[in-house]
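The values are calculated or read from the model by the stated rules, or taken from the named source; none is laboratory data. A quick note: this is a predicted structure, and the numbers were derived from the prediction, not measured. Here the Cβ positions follow ideal geometry from the backbone for every residue, glycine too, while neighbour counts run over all protein chains shown.
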Amino acid sequence: MSLRINLHAIASAVLGILSLTMLVPASQAQFKMTDNFNRTDGVPGLGWSTWGNGAQISGNQLETFGDAYIAGGIARTLDVTFPATFSYDFSTATPSDGGWSITFNASGANWLPTDAFELRVLQFSGSQPLCADYQTASGPMESCSKQKTGQRDYTAKAHIAGTINADFSTTVTVTYNDGLTPASIVLKTSAPAGAIQTPLGSVFYFGNANDSYGPHYFDNFSLTLK
């Protein structure tokens, strides 16, 4: 038997909802956060702040803007434990430089690789490798996937679904929804040697990973802590 606690914030009559759900079974705890961004155009709201070149609600999705060395998106205070899963729909106006990033347990919402965070998973564009950035005793390091046959830039609204394991190995399934084959691919990064698995802050943030303005769009966001 589990205890379910739902906290719903309704932004407008259009039913824009941020859902925070805590499931507490006898043997383990699970937390899930979702946001469908279905609310009035303008500031992200519902406890989100913006970082980098910013973001806004536009047409019931999150519109983010890139810029050189700062990218852009939304952030909030949220302590994350691993393993965890995340997913969202992603599209971009600049497919050759249109990608995404998601960052955990940071001291602040910034983009530079020297910034203090425990883990960041990113892809600069659909045709680029999946990478995981992490901290070591020697400084920040990065582990990336190998290029896969059929991997390509995002030219339609794709679905991104990722799993981050307790050892920081990652698996991301990309469903392109562009009518081409293969319809989806799986990208993986291995467990990073020497990774320091210690939170460097309580900031969680995600958004684009790009110098290009875009815009870059996100929808139907979900994060689950297992």
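Exactly one condition in (1) in a strand (DSSP E or B); (2) at pLDDT 95 or above is not met by residue 21; state its number.
Unmet condition: (2).
Among the residues that make up segment 185-202, is at least one of them buried (at least 17 other Cβ atoms within 10 Å of the Cβ) and basic (Lys, Arg)?
No, there is no match, as no residue in segment 185-202 is buried (at least 17 other Cβ atoms within 10 Å of the Cβ) and basic (Lys, Arg).
Residues being crowded, with 20+ Cβ neighbours inside 10 Å and in a strand (DSSP E or B): count how many of those fall in segment 62-83.
So the count comes out to 7.
I need the full set of residues from segment 172-226 which are more than 19 Å from residue 143 (Cβ to Cβ), assigned to a loop (DSSP other than H, G, I, E, B) and of a type in the set (S, T, N, Q), in order please.
Answer for segment 172-226, where residues must be more than 19 Å from residue 143 (Cβ to Cβ), assigned to a loop (DSSP other than H, G, I, E, B) and of a type in the set (S, T, N, Q): 177, 181, 202, 210, 212.
Determine if segment 54-61 includes at least one residue that is in a strand (DSSP E or B), touching a residue at least 40 places away in the same chain (Cβ under 8 Å) and surrounded by 16 or more Cβ atoms within 10 Å (Cβ to Cβ).
Checking segment 54-61: at least one residue is in a strand (DSSP E or B), touching a residue at least 40 places away in the same chain (Cβ under 8 Å) and surrounded by 16 or more Cβ atoms within 10 Å (Cβ to Cβ).
Determine whether residue 210 is closer than 21 Å to residue 80 by Cα, among the polar types (S, T, N, Q) and touching a residue at least 40 places away in the same chain (Cβ under 8 Å).
no
Can you find a residue that is assigned to a loop (DSSP other than H, G, I, E, B) and crowded, with 21+ Cβ neighbours inside 10 Å anywhere in segment 102-115?
Scanning segment 102-115 turns up at least one residue that is assigned to a loop (DSSP other than H, G, I, E, B) and crowded, with 21+ Cβ neighbours inside 10 Å.
Does residue 86 fit the bill of being under 21 Å from residue 47 (Cα atoms) and not in a strand (DSSP E or B)?
So residue 86 does not fit the description; no.
I'd like to check something: does segment 155-172 contain any residue that is in contact (Cβ under 8 Å) with a residue 40 or more places away in the chain, touching a helix residue (DSSP H, G or I) at 6+ places or on another chain (Cβ under 9 Å) and within 15 Å of residue 92 (Cα to Cα)?
Yes, segment 155-172 contains a residue that is in contact (Cβ under 8 Å) with a residue 40 or more places away in the chain, touching a helix residue (DSSP H, G or I) at 6+ places or on another chain (Cβ under 9 Å) and within 15 Å of residue 92 (Cα to Cα).
Taking residue 115 as meeting all but one of (1) farther than 25 Å from residue 165 by Cβ; (2) modelled with pLDDT under 95, write down the number of the exception.
(1)
Answer with yes or no whether residue 52 is on the phi > 0 side of the Ramachandran plot and modelled with pLDDT of 95 or more.
yes
Somewhere in segment 117-130, is a residue of a type in the set (A, V, I, L, M, F, W, C), without any contact (Cβ under 8 Å) to a residue 60 or more places away in the chain, in contact with a strand residue (DSSP E or B) (Cβ under 9 Å, 6 or more places away or on another chain) and under 17 Å from residue 69 (Cβ atoms)?
So far as segment 117-130 goes, no, none of its residues is of a type in the set (A, V, I, L, M, F, W, C), without any contact (Cβ under 8 Å) to a residue 60 or more places away in the chain, in contact with a strand residue (DSSP E or B) (Cβ under 9 Å, 6 or more places away or on another chain) and under 17 Å from residue 69 (Cβ atoms).
Going through segment 157-171 one residue at a time, which ones are in a loop (DSSP other than H, G, I, E, B) and not hydroxyl-bearing (Ser, Thr, Tyr)?
157, 165, 166, 167, 168
Mind checking whether some residue in segment 28-47 is at pLDDT 95 or above and within 23 Å of residue 140 (Cβ to Cβ)?
No, the conditions are met nowhere in segment 28-47.
Check 31, 86, 90 and return the single one that is over 22 Å from residue 209 (Cβ atoms), crowded, with 19+ Cβ neighbours inside 10 Å and in contact (Cβ under 8 Å) with a residue 60 or more places away in the chain.
31
Out of all the residues in segment 144-156, is one or more buried (at least 16 other Cβ atoms within 10 Å of the Cβ), part of a loop (DSSP other than H, G, I, E, B), aliphatic (A, V, I, L, M) and modelled with pLDDT of 95 or more?
No, every residue in segment 144-156 fails to be buried (at least 16 other Cβ atoms within 10 Å of the Cβ), part of a loop (DSSP other than H, G, I, E, B), aliphatic (A, V, I, L, M) and modelled with pLDDT of 95 or more.
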